[in-house]
């Protein structure tokens, strides 16, 4: 009982204890805020990629694409674990505003809206067709015109705060998209005939996926139109990829493994056919694998931050250790008194560990509360800083970040708090153990007073 | 008194300290027997080793050579838990500089040894009796009105009386007092000595260390320690 009473008294009565608690609170505050923001950004980025891609992608890393995709889609649609399937065309082209001489390069993505919107959450990225994804290529002013969806940064300009000003009614303008069609062997399909396929599309919507590179570079076209433009139509139709969505209870890797097995069997059945060679380099990947190059960069940043914070954490543990060393050294007389009245070494150590635990607990509570409060207001604070000083954590004209993530992950928070308490316990253990093993008379010398 | 009355016995006690490069031999073969109910004063000049001897008798310090027996049993044979129990129950210490815990009030300081020997559940059962005894001791020592005060709010004499109350809370067999008046004015010191006399009359065994022969006169027996040995008295 005396251990608890003394631990609480040490906590309440000693000013240096408040400094120790403050040190713990500041460390917790800093780690909670940075971890929440960084984890939130990475999680947000991954979710956006998942929303854009679907669960699994069967693709060929070539602009030629692969044949027999519809046959494989039929096989996939017959599987109980598959929810929806969508073929996709991917290529590159040149975009020219109609009547203008200015053009720029674009990535072309050909989609079948009815199928693709069941596989991905692409529809949610649209502005004018948010609730009518299947009509995304129908300009509202003339549904019979061939439409195209532009990545939002191709259509609009962001202001400094990262906001886009959307016109209330769909603007009327057309775009000319040119593409170099390729034969199944990868040769230019129209060699000697002007080389390019060109078609005019009408702006039907813009897509804001939140993925900076995607929103800057992509133009989405109707699947068949893109197929023709890229030379993948005709009698030997080809696609660049098949996107798959699994049923909700299917685990990602298990689903992808099943698709990979189906693909392997499908390839065997197609062996010997005219375009079987195009199936060879087709890969089956989860959305994480498919977007690996984009996600890895962000994860690397997160890892670097974790390393930096691990180093800061070690320094924090050392600071806590020093503070406790000072506190316990200052209390060596008390240790002598307690030993002189028969308190055991173990009980003395546990008294100071109780004390350290309370410092860690209260410091963590204060730091967590402060961190939570700061995170709740972080976007307002950033807004205010921008209004007053034009300061932004991330320049929204460069980064596709909306609000700063501020949802605290309880698992992460629990880990941080436990680490802080552990740091306090380690900080207190060494000096209290050293003091407790001294002969009582050594700590009761007059010069200890 | 017969030999059977001897409660604490020291034989051939040697103790040395290292001070820088030199080894200082403080005790050079001290023999001493303390009988039950006795009031013994150990006198000696500063540095004669009297405090060291007292610490060894109370198991607060180790010895280089020799034996200390409590009720015939060698303290060196005690296990750590037994030694803690010995310090908690069998001896009560009164130090020159009081050594009270600043974070506790006077009453809490007094019942601290009683609390230290109990588990949380054990303490819940014994709390009321221990608090009553602590309050009674403070009352007997004229400190009842200071029970809720913190040590730093007390005068030197009051602090020493609080320390005496703490030493007596577990009804120890021996009270060991190291220069209990050394930090007090003569009037306050006399008050402490009177309290010791009163306790001794009630049957409390007391071993007191002092450098002041006048104070030692209050004891029934005086021994003089000089050059690490007992020169006078046994």
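Taking the longest Cα principal axis of chain B as reference, the axis of helix B:156-168 is set at about 80 degrees. Taking every C-alpha pair closer than 8 Å and separated by at least 6 residues, the mean separation divided by the residue count of chain A gives a relative contact order of 27 percent. Each residue, residue B:71 and residue A:253, gets one label point 7 Å from its Cα in the Cβ direction; the gap between the two is 6.7 nm.
What separates the Cα centres of segment A:260-277 and segment B:34-113 is a distance of 91 Å. Computed extension length for residue A:200-residue A:8: 61.4 nm, one decimal, from 0.36 nm per residue of separation with the Cα-Cα distance subtracted.
Computed on the Cα trace of chain B, the radius of gyration divided by the Kirkwood hydrodynamic radius gives Rg/Rh = 0.97.
For peptide B:97-108, the mean count of partner chain Cβ atoms within 10 Å of a residue's Cβ comes to 5. Taking the inverse of the mean reciprocal distance over all distinct Cα pairs, the Kirkwood hydrodynamic radius of segment A:62-280 comes to 18.5 Å.
For segment A:81-211, what relative contact order do you get, as a whole percent, if you take Cα pairs closer than 8 Å and at least 6 residues apart?
Working: 229 pairs, mean separation 35.9, N = 131.
For segment A:81-211, the relative contact order is 27 percent.
Taking R0 as 41 Å, what FRET efficiency do you get between residue A:172 and residue A:414 from their Cβ-Cβ distance, rounded to the nearest 0.05? Efficiency, from the Cβ-Cβ distance: 0.15. Annotation: average projected area of segment A:102-219 is 9.0 square nanometres, based on the convex hull of Cα atoms across all directions. Against the longest principal axis of chain B, how steep is helix B:106-116, in degrees 0 to 90 to the nearest 10, with axes from Cα atoms? For helix B:106-116, the angle is close to 70 degrees. Given q = 0.17, 0.21 Å⁻¹, what are the Debye log10 I(q)/I(0) values for segment A:1-89, with equal point scatterers placed on the Cα positions and solvent ignored? Results for segment A:1-89 at q = 0.17, 0.21 Å⁻¹ read -0.91, -1.04. Sorted ascending by nearby beta carbons within 10 Å, beginning with the fewest, A:283, A:344, B:46 become B:46, A:283, A:344.
Once both axes come from the Cα atoms, what is the angle between helix A:410-436 and the longest principal axis of chain A, in degrees from 0 to 90, rounded to 10? On a 0 to 90 degree scale, this one is about 30.
Just rank A:105, A:86, fewest to most, by other beta-carbon atoms within 10 angstrom.
Details: A:105 9, A:86 24.
In order of increasing Cβ crowding within 10 Å: A:105, A:86.
Note on residue B:214 and residue B:190: their simple-model spin labels are 1.0 nm apart, each label 7 Å out from Cα toward Cβ. Peptide A:119-125 has a mean of 0 when you count, residue by residue, the C-beta atoms of other protein chains within 10 Å of its C-beta.
Footprinting exposure proxy ranking of A:116, A:43, A:50, fewest other C-beta atoms within 10 angstrom first, gives A:43, A:50, A:116. Given the C-alpha centroids of segment A:343-397 and segment A:5-58, what is the distance between them in whole angstrom? With segment A:343-397 and segment A:5-58 each reduced to a Cα centre, they are spaced 8 Å.
If you count the DSSP beta bridges with both ends in segment A:62-280, what percent of them are antiparallel, to the nearest 5?
Values: 33 of 43 bridges.
DSSP beta bridges in segment A:62-280 are roughly 75 percent antiparallel.
Distance from the C-alpha centroid of segment A:235-258 to that of segment A:59-114: 14 Å, rounded to the whole angstrom. Placing a pseudo-label 7 Å from each Cα along the Cα-to-Cβ vector at residue A:318 and residue A:101 gives an inter-label distance of 6.5 nm.
Each DSSP beta bridge with both residues in chain A is either parallel or antiparallel, and the antiparallel ones are about 80%. Remark: relative contact order (segment B:1-159) = 19 percent; criterion is Cα-Cα distance under 8 angstrom and separation of 6 or more residues.
With runs of 4+ DSSP H residues as the only contributors, calculate the mean residue ellipticity of chain A at 222 nm using -39,500 (n - 2.57) per run, divided by the residue total and rounded to the nearest 500.
Numbers: 14 runs with 231 residues, N = 449.
The helix-only estimate for chain A comes to -17000 deg cm²/dmol at 222 nm.
Taken over the Cα atoms of the protein assembly as shown, the convex hull encloses 260 Å³ per residue.
How shielded is A:327-334 by partner chains, expressed as the average number of their Cβ atoms within 10 Å of its Cβ atoms?
Numbers: counts 0, 0, 0, 0, 3, 0, 4, 6.
That works out to 2 on average.
We did not get these values from a lab; they are worked out from the coordinates using the rules stated. Remember, it's a predicted structure, so these values are computed and weren't measured experimentally. In this analysis, Cβ positions are derived from the backbone assuming ideal geometry, glycine residues included, and neighbour counts consider all displayed protein chains.
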